[in-house]
Amino acid sequence: MAAPAPLDRDPISPPQFRHALGQFASGVTVITTTTPAGPVGATVSAFCSLSLEPPLVLACLGRDRSMHRALTSAPGFGVSILASDQGVLARDFARPADRFAGVAHSPGRYGPHLDGAIVHLDCALYEIRAGGDHVIVLGLVDAVAVHAGEPLLYAQGAFLDLPAPDWERAAASAPQEWLLSAPW
């Protein structure tokens with residue numbers, strides 16, 4: 001596919017683009033894998049489902065991140081979708097450090113599962129695509145575990161904190177599977 005023709009206007013600056021897309025609320029995950037030196041992981045909010053058949057997810061990771069080489073050369077990765085009370089954990093895995101020091105986790109097929117997360121996925125590496133200054137890593141999900149709790153949400157540079165009654169009310173009144181019945 002050819003690159004799109006340049007627009008006849010000023011380019012969008014990285015801070016302007018980051019601010020605009022920061023308005024979009026997303027869940028927060030920690031992507032993990034295992035290397036000969038031990039487990040590695042990083043906080044990733046650029047994560048989503050891609051396909052039901054086959055079950056695919058995608059995660060986007062900056063090429064400059066310390067985990068880039070490990071993730072793109074591993075046979076697979078683990079995904080922990082964080083719970084609403086795991087903001088500190090999300091911040092810790094976003095910083096360069098020994099991210100697993102003192103963090104409770106259990107082994108997964110390709111990378112550790114962080115205790116307390118609301119979902120754990122095991123994903124075989126399916127494909128790696130270029131995406132500007134990031135790579136797009138596609139994973140074929142081969143194991144899923146769902147646990148009780150509310151998700152950690154992130155928007156406008158902050159974690160969103162919704163009380164449990166608000167989550168319950170929103171979930172109870174939400175039309176189920178509305179995307180599947182949308183007219184597009």
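Taking into account only those residues within the stretch 52-89 that are exposed (fewer than 15 other Cβ atoms within 10 Å of the Cβ) and of a type in the set (A, V, I, L, M), which is farthest from Thr34 (Cα to Cα)?
In this case the residue turns out to be Leu52.
Mind checking which pairs have a first residue in the stretch 144-156 that is surrounded by 12 or more Cβ atoms within 10 Å (Cβ to Cβ) and a second that is at pLDDT below 90 and of a type in the set (Asp, Glu), Cβ under 6 Å, 6 or more apart or different chains?
Close Cβ pairs (under 6 Å, with a partner that is at pLDDT below 90 and of a type in the set (Asp, Glu)) do not exist here.
Within the stretch 135-158, how many residues are over 15 Å from Cys48 (Cα atoms) and either touching a helix residue (DSSP H, G or I) at 6+ places or on another chain (Cβ under 7 Å) or assigned to a strand (DSSP E or B) (or both)?
Total satisfying the criteria: 7.
Out of the residues in the stretch 83-134 that are among the charged types (D, E, K, R) and in a strand (DSSP E or B), state the one that is nearest to Thr29 (Cα to Cα).
So the residue we want is Asp122.
Every residue, every condition in (1) at pLDDT below 95; (2) touching a strand residue (DSSP E or B) at 6+ places or on another chain (Cβ under 8 Å); (3) among the basic types (Lys, Arg), yes or no:
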residue	(1), (2), (3)
Arg69	yes, no, yes
Thr72	yes, yes, no
Val79	no, yes, no
Arg91	yes, yes, yes
Tyr110	no, yes, no
Tyr126	no, yes, no
Gly131	yes, yes, no
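What number of residues within the stretch 42-65 are in a strand (DSSP E or B) and either polar (S, T, N, Q) or touching a Pro at 6+ places or on another chain (Cβ under 7 Å) (or both)?
Residues flagged as in a strand (DSSP E or B) and either polar (S, T, N, Q) or touching a Pro at 6+ places or on another chain (Cβ under 7 Å) (or both) within the stretch 42-65 amount to 3.
The values are calculated or read from the model by the stated rules, or taken from the named source; none is laboratory data. Computed from a predicted structure; not experimentally measured. Note that each Cβ is placed from the backbone with ideal geometry, even for glycine, and that neighbours are counted across all protein chains shown.
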